[in-house]
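Step one of this worksheet: look at the structure below.
The values are calculated or read from the model by the stated rules, or taken from the named source; none is laboratory data. Please read these numbers as outputs of a predicted model, since none were measured by experiment. A quick note on method: Cβ atoms are made from the backbone with ideal geometry, for glycine too, and the neighbour counts reach across all protein chains shown.
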Amino acid sequence: MREPSTTHVYFDGQITEADKARPSLWSYSLHYGYGVFEGLRAYDHGGTARIFRLDEHVERLYASARTLGIPLEHDRAALAEAHHEVLRANGLTAGYIRPIVFVGDGLSGLTTRDLDVHVAILAWSWEAGHAVPPPGVRLCVSARRRPPADSFPPHAKATGNYVVSKLAHNEAVARGYDDAVMLDADGHVAEATALNIFAVRGDRLLTPAPHACLPGITRAAVMELAAGAGLDVREAVMDVPALTGADEVFLTSTAAGVRPVWQVEERPIGSGTTGPVTRRLAELYDDLVSR
């Protein structure tokens, strides 16, 4: 994987050269993990960039900031348009976009009342910034649990929330797996480290109820596609045997799209390869983002 490169970024209301927009080492968010972000993809449509579900991502960015008590006062329409401006400034008609909201200088305790809030948007070529994924994912079940909702709001896409995900991913890699299933405080399936999870049983598509996971925008899109394809789509309380005994399992995210799971711990899923429902939903999703 090559390192992503970008010449220009959006920073606090304007497009600027990337190497001139560097946060301070005194940044509150750098020290305390107090920020929110999004991940979006733009797809080339005849030489023009189209950002998939931009409005939903921008809305979630604002909602995450509200949940964490971070005042995000930028005009919403202008911030949405800034995503396109960053793509144009970097000559991109397709790529990955990362807006982030963070708190600036100030390390005198935990108060942020008088600290500045900054907004940055980065964009880079998809091929440059992401490794080629395996054809099928091998998952372990992590010992790390998703924090309960009364400790950390799962619907906020917050920077600090990914520390637990990172620890679970470290565990998976150390054990020779690609990623990890994370359970909630009660031992039910929540999600993978940064992806939502689905199980196929016959004509039924199950996914964990979002009380302990981020209800992803790609997750919602796939649920809509599945219902339109005639599947019985349900949110449910799921345990690990619901995965290992499923006909098919797959993951979803903006970055990954629809990603088939071939194995959970030592148990192959179904035939141990990509199943027909997963393949069909991946095709439908690819068609959706290419429109």
Checklist entry - Give me the pairs: first residue in segment 32-54 and part of a loop (DSSP other than H, G, I, E, B), second residue among the basic types (Lys, Arg), beta-carbon distance under 8 Å, and six or more apart or on different chains, which are they? => result Glu38/Arg60; Glu38/Arg98; Glu38/Lys157; Gly39/Arg98; Phe52/Arg41
Checklist entry - Looking at segment 132-143, is at least one residue surrounded by 15 or more Cβ atoms within 10 Å (Cβ to Cβ), at pLDDT 95 or above, assigned by the TED database to the domain that holds Ala212 and farther than 15 Å from Ile197 by Cβ? => result no
Next on the checklist: Quick check on my filter: what residues within segment 5-32 are surrounded by fewer than 17 Cβ atoms within 10 Å (Cβ to Cβ), at pLDDT 95 or above and within 15 Å of Gly106 (Cβ to Cβ)?
Outcome noted: Leu25, Trp26, His31, Tyr32
Checklist entry - Under 7 Å by Cβ, and 6 or more places apart or on different chains, what pairs join a residue from segment 256-268 that is free of Cβ contacts under 8 Å to residues at least 60 places away in the same chain with one that is assigned to a strand (DSSP E or B)? => result Val258/Phe250; Val258/Thr252; Pro268/Trp262
Checklist entry - Where residues in segment 240-260 are assigned to a loop (DSSP other than H, G, I, E, B) and either touching a strand residue (DSSP E or B) at 6+ places or on another chain (Cβ under 8 Å) or not aliphatic (A, V, I, L, M) (or both), which of them is modelled with the lowest pLDDT? => result Ala255
Item to check | Odd one out for Ser108 among (1) hydroxyl-bearing (Ser, Thr, Tyr); (2) assigned by the TED database to the domain that holds Gly270; (3) modelled with pLDDT under 95 | outcome: (2)
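Of Glu266, Glu191, Glu224, which residue is surrounded by 22 or more Cβ atoms within 10 Å (Cβ to Cβ) and acidic (Asp, Glu)?
Numbers: Glu266 fails: surrounded by 22 or more Cβ atoms within 10 Å (Cβ to Cβ); Glu224 fails: surrounded by 22 or more Cβ atoms within 10 Å (Cβ to Cβ).
Answer to the selection: Glu191.
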Checklist outcome for this item: Reported set for segment 186-212 where residues are among the polar types (S, T, N, Q) and in contact with a helix residue (DSSP H, G or I) (Cβ under 6 Å, 6 or more places away or on another chain) is Thr193, Asn196
Next on the checklist: Tally up the residues in segment 269-291 that are of a type in the set (Lys, Arg) and either crowded, with 19+ Cβ neighbours inside 10 Å or modelled with pLDDT of 95 or more (or both), please.
Outcome noted: 2
Checklist entry - Looking at segment 70-90, which of its residues are part of a loop (DSSP other than H, G, I, E, B), touching a residue at least 40 places away in the same chain (Cβ under 8 Å) and out of contact with any Gly (no Cβ under 8 Å at 6 or more places or on another chain)? => result Pro71, Leu72, Glu73, Asn90
Next on the checklist: Which count do you get for residues in segment 146-203 that are of a type in the set (Gly, Ala, Ser) and either closer than 16 Å to Pro215 by Cβ or assigned to a strand (DSSP E or B) (or both)?
Outcome noted: 9
Next on the checklist: Being within 20 Å of Leu195 (Cβ to Cβ) and aromatic (Phe, Trp, Tyr) is the filter here; which residues of segment 10-63 pass it?
Outcome noted: Phe37, Tyr43, Phe52
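Give the residue that is farthest from Lys166 (Cα to Cα), with candidates limited to residues of segment 208-239 that are in a strand (DSSP E or B) and out of contact with any Lys or Arg (no Cβ under 7 Å at 6 or more places or on another chain).
Just the residues of segment 208-239 that are in a strand (DSSP E or B), to begin with: 208, 232-236.
Pick out the ones that are also out of contact with any Lys or Arg (no Cβ under 7 Å at 6 or more places or on another chain) and you get 208, 233, 235-236.
Working: Pro208: 21, Val233: 30, Glu235: 26, Ala236: 25 Å.
If we take residues in segment 208-239 being in a strand (DSSP E or B) and out of contact with any Lys or Arg (no Cβ under 7 Å at 6 or more places or on another chain), then Val233 is farthest from Lys166 (Cα to Cα).
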Checklist entry - Taking the condition under 17 Å from the mean Cα position of the chain (by Cα), closer than 24 Å to Arg22 by Cα and not assigned by the TED database to the domain that holds Thr193, does Leu115 pass? => result no
Checklist entry - Of all residues in segment 42-66, how many are more than 16 Å from Pro99 (Cα to Cα) and of a type in the set (A, V, I, L, M, F, W, C)? => result 1
Checklist entry - When you scan segment 137-194, how many residues do you find that are touching a Phe, Trp or Tyr at 6+ places or on another chain (Cβ under 9 Å) and among the small types (Gly, Ala, Ser)? => result 3
